[in-house]
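Engineer: Quick one: the structure is below, questions incoming.
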Amino acid sequence: MNNIKIAVVGGVEVGKTSLLNVYTKSEFDPKKQYVPTIYDSAETRVNIDGHNIEVNILDTSGSDEYKQLRPMSYSGVDLFLICYSVADIKSYEKVKECVAEVRQHAPNKDIVLVGTKTDLRDCQNTMDRLRSEGLIPLYQSQGESKSAEVHAAKYYECSSKNSSSVRKMFEESIRLVIQKHEKSRSPQKTKKRISFTKIKRLSLFSVTSEESTGF
Ligand SMILES: Nc1nc2c(ncn2[C@@H]2O[C@H](COP(=O)(O)OP(=O)(O)OP(=O)(O)O)[C@@H](O)[C@H]2O)c(=O)[nH]1
Ligand SMILES: [Mg+2]
């Protein structure tokens, strides 16, 4: 396996582009003006467990304006990172919708759920804003339960602002793709043959037992 394609999907402003920038360019500038994405991509080369792999990462728009356009880039994607911000309940509630969209176009591909902006749990302004709305940030247990609910392969939390866990999240996701690919290439024929023989033996047994009981 030489190439892997990953798509980053999720609500508006959850930090998808920032994840890409931190991972591929080690770049995060909190003063940089937010620019909504329509469609973008980035490449990087990694060596994981001895595999030298070119990773193509697709950056999608979180806006519903591009609902029709977004899935056009899903072809050939190996894994989807579905992102929500831990300081944005709406983006958390949108996860199911994002998963449904992805599953409709790529039903057999793995999904990894990513809780972004974890630094905001320690940000006084964010905490005050959430409190004024009668809210609190989303915690790890809520991410994990959402992950189980949507049958994601994994759940990760990270912060682009302090670079926490971004690399780990991408590398573990790439590892998932490699492992799935290797599993699909490993010989399953012996297993299948054994189970076929077993079925034959079982059906012979049922015929014999039916005959012996006189039916
Ligand atoms: N505090 C904090 N802010 C972040 C983090 N990641 C992104 N941001 C900020 O959140 C805003 C949106 O980030 P983007 O990465 O552009 O979000 P996006 O999901 O790509 O947005 P769309 O392209 O519109 O869907 C920007 O102002 C970023 O600086 C993070 O980890 N922590
Ligand atoms: Mg973006």
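Since every read-out is calculated from the coordinates, none of them should be taken as a lab result. These figures come from a predicted structure and were not determined experimentally. No Cβ is skipped: glycine too gets one built from the backbone with ideal geometry, and neighbour counts run over all protein chains shown.
Engineer: Filter the cross-link list LYS94/LYS117; LYS117/LYS180; LYS90/LYS154; LYS16/LYS180; LYS146/LYS183 down to pairs whose alpha-carbon distance in this structure exceeds 18 Å. Can you show the working numbers first?
Structural biologist: Details: LYS94/LYS117 16 Å; LYS117/LYS180 29 Å; LYS90/LYS154 21 Å; LYS16/LYS180 24 Å; LYS146/LYS183 27 Å.
Cα-Cα > 18 Å for LYS117/LYS180; LYS90/LYS154; LYS16/LYS180; LYS146/LYS183; rest within.
Engineer: Fewest to most neighbouring Cβ within 10 Å: what's the order for LEU135, LEU20?
Structural biologist: Values: LEU135 13, LEU20 25.
Ascending Cβ contact count within 10 Å gives the list LEU135, LEU20.
Engineer: Please work out the C-alpha center-to-center distance from region 1-25 to region 132-152 and express it in whole Å.
Structural biologist: 21 Å
Engineer: Continuing with this model, one more query. I need SER63, SER73 ordered by Cβ neighbour count within 10 Å, fewest first.
Structural biologist: Values: SER63 15, SER73 18.
Ordered from fewest to most neighbouring Cβ atoms within 10 Å, SER63, SER73 come out as SER63, SER73.
Engineer: Related question: So for region 3-186, averaging the separation of alpha carbon pairs under 8 Å that are six or more residues apart and normalising by length, what relative contact order in percent results? Show your work: numbers first, answer last.
Structural biologist: Working: 317 pairs, mean separation 44.4, N = 184.
Relative contact order comes out at 24 percent.
Engineer: Among MET169, MET127, which comes first, then next, by fewest other beta-carbon atoms within 10 Å? Kindly include the intermediate steps, with their values, before the conclusion.
Structural biologist: Values: MET169 22, MET127 16.
Listed from fewest to most nearby Cβ atoms, that is MET127, MET169.
Engineer: Taking only Cα atoms, what is the 0 to 90° angle, nearest 10, from helix 16-25's long axis to the longest principal axis of the chain?
Structural biologist: Here the helix axis deviates by roughly 90 degrees.
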